[in-house]
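Comments concern the structure below.
What follows is calculated from the coordinates using simple rules that are stated; it is not laboratory data. All values reported here derive from a predicted model rather than from experimental measurement. Here the Cβ is made from the backbone with ideal geometry for all residues, glycine too, and neighbour counts use every protein chain on show.
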Amino acid sequence: MSIKKFINAGLMASAAMAFVTVTNLTPPAYAAGDGGAVTTTKKKVVKKTVKKTVKKIAKKKKVIKLSPYKSALVDIKKWRYAKAAIKLQSVVSKDPNNADAWNWLGYSLRKQQKFDDSYEAYQTALKLNSNHVGAHEYLGELYLQTNRMAEAQAQFAKLGELCPSGCEQLN
């Protein structure tokens, strides 16, 4: 991996450490009469030293493993709705009382135009928590997408009841 890739990956400190390692080597050998060009052998030594340092740093980098639920939310933020739905189906199969997971499952299914399955997921979320603001908001959006205006207005009214002083979902 090159120093440039480290910088691009946000590992500026690691790249700086690799640079320090390289610059602390003995001064380069100069060929006679070549105006100070670094010899090929020295270039190879520098390159190998940088690679070894980079590998050591990469091994020390901690990898954070997200729960399936949090990983699904990341997928949703990146518009990977099919992947999110698979992860959320796993979550709700293990924890069927998780209203938030049911809500996000409905959301990811709705974004895939799977309206019937999405509706069922929202209904499950609302059975678990009848005041789930997110489920009311997204169920209202489902109704709008399927041209069910009266039901969409009912969800909007329910949000008004749940958020009398206003909330993000009403915007």
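Hey, among the residues in segment 135-144 that are closer than 16 Å to ILE76 by Cβ and of a type in the set (A, V, I, L, M, F, W, C), which one's farthest from the chain's Cα centre (by Cα)? Lay out the reasoning, then the answer.
Here is the first cut: in segment 135-144, the residues closer than 16 Å to ILE76 by Cβ are 135, 137-138, 141-142.
Now drop any that are not of a type in the set (A, V, I, L, M, F, W, C), which leaves 135, 142.
Details: ALA135: 22, LEU142: 24 Å.
Here the answer is LEU142.
Can you work out which of the residues in segment 77-134 that are under 24 Å from PRO164 (Cα atoms) and polar (S, T, N, Q) is nearest to the chain's Cα centre (by Cα)? This residue is ASN103.
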